[in-house]
1. Cα centroid distance between the stretch 204-269 and the stretch 72-143, in Å?
2. Holding the Cα-Cα limit at 30 Å, pick out from LYS9/LYS214; LYS73/LYS295; LYS126/LYS289; LYS70/LYS242; LYS9/LYS126 the pairs that are longer than that.
3. Calculate, axis by axis, the spread of Cα positions in the stretch 1-156 along the three principal axes, and write the results as whole Å, longest axis first.
4. What FRET efficiency comes out for the pair TYR36/MET1, r = Cβ-Cβ distance, R0 = 25 Å, nearest 0.05?
5. Per residue of the stretch 16-32, what does 6.51 cos²θ - 1.76 cosθ + 1.60 with θ = phi - 60° give for ³J(HN,Hα)? Whole Hz please, x for Gly and Pro, Karplus curve as stated.
6. Hey, any idea what % of the stretch 205-316's accessible area is carbon plus sulfur with a 1.4 Å probe?
7. Roughly how many Å² is the accessible area per residue of the chain, as a whole number, for a 1.4 Å probe?
8. Calculate what fraction, in whole %, of the accessible area of the stretch 68-148 sits on carbon and sulfur atoms when a 1.4 Å probe is rolled over the protein chains.
Amino acid sequence: MTYKELMIKSLTDLLEENETLMHPIYGLLNQGNTQYYGYFGFTENDLLIALLSGTGKQITYTTRVPLDIKSIKVKQTAIFKQFVIDIAFNEGAPCRITASPKVLSVNTQEENLPRFLEHLYTIAPKTKQPELKQLSGENIRIQYFNYIIGIFLSFVPMVPIMILIMEWKESGEWHFGELISAILETLPVVAVIWGIVLMPLILLSLLNRFCFGKVICVLDDKGIHTENDLLLWTDIKSVSYKTAMHSRFRYSPACTTFSIKNAGEYEFDIIHFPFYGLRKIKRYCPDVKVEVQNKGWLIFMALCPTIIAIILSLLS
């Protein structure tokens, strides 16, 4: 079965009596840092979604989403010319679909994607969410330098630790007075070096927070304004922050998940939401539960240079 045949079959299987499949396309469903390949299409009243396995040969999940749309926002990426389609619903989790104008394995994509977008514009409300730069409130921007500063700071303890171990190896015993003197002698030089390295980054970080950088949301007395939605403070039940993570093959940016409860319950992810934004959320919504995940990863990353310094000093 070809990918096109699988698309038609998987979406057709979701149809109910007297329904018609309209404008099926292939794309990515984005949920926070996670992406799922899948097929998408319309009936008269629902959005159909069929997600694929990692190999792309098997359907792993299907659902129908009622087309009770609050707002939509469509933008096209500059380099790959992909369409990023944000759909906010009056009830339930929002939906972000990324679709390319051409897909080699689905020759109907070029024809169906414009029709998919046209149908979406037709059924969506004519009122649009205001641009974030037009709103008055506290701008929350992507922070480009904090992760780099954190990496540099994790290396600060390396010098005094290496001095302690090297002095101990030379004398065979601990002479705390001499060790402290040696550390104090080197501290001014180390402080100047780290100051030269870190001060420009810290200055850029402060300017980034208040003056430049992409605005990802705006906080005011009503709630959190995102590019295509408004999260009311009264609807936010908990907040979960995940720090940026590196793996061998992938970088996952920081992501904050908001647990929303109004007519139903769902989760709303904001990619790149910075750690300092959690303090601002507590100011607007003091009773909300805020949780920081991946604490073990943070501790490991902070201690990793120190552990390396100890190993190198003992082996040298």
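The values are calculated or read from the model by the stated rules, or taken from the named source; none is laboratory data. None of the values given here were measured: they were computed from a predicted structure. Because the Cβ atoms are built from the backbone with ideal geometry, glycine has one as well, and the counts that use them run over all protein chains shown. With ligands, DNA and RNA removed, areas are computed over all heavy atoms of the protein, side chains included. Shrake-Rupley method; radii C 1.70, N 1.55, O 1.52, S 1.80 Å.
1. About 18 Å separates the Cα centre of the stretch 204-269 from the one of the stretch 72-143.
2. Values: LYS9/LYS214 41 Å; LYS73/LYS295 35 Å; LYS126/LYS289 36 Å; LYS70/LYS242 28 Å; LYS9/LYS126 33 Å.
In this structure, LYS9/LYS214; LYS73/LYS295; LYS126/LYS289; LYS9/LYS126 exceed 30 Å between Cα atoms.
3. Cα extents, longest axis first: 64, 39, 28 Å.
4. FRET efficiency, TYR36 to MET1: 0.80.
5. 3J(HN,Hα) across the stretch 16-32, in whole Hz: 9, 4, 6, 9, 10, 7, 10, 6, x, 9, 10, x, 10, 9, 9, 10, x.
6. Working: 3840 of 6240 Å².
Carbon-and-sulfur percentage of accessible area, whole number: 61.
7. 58 Å²
8. 53 percent
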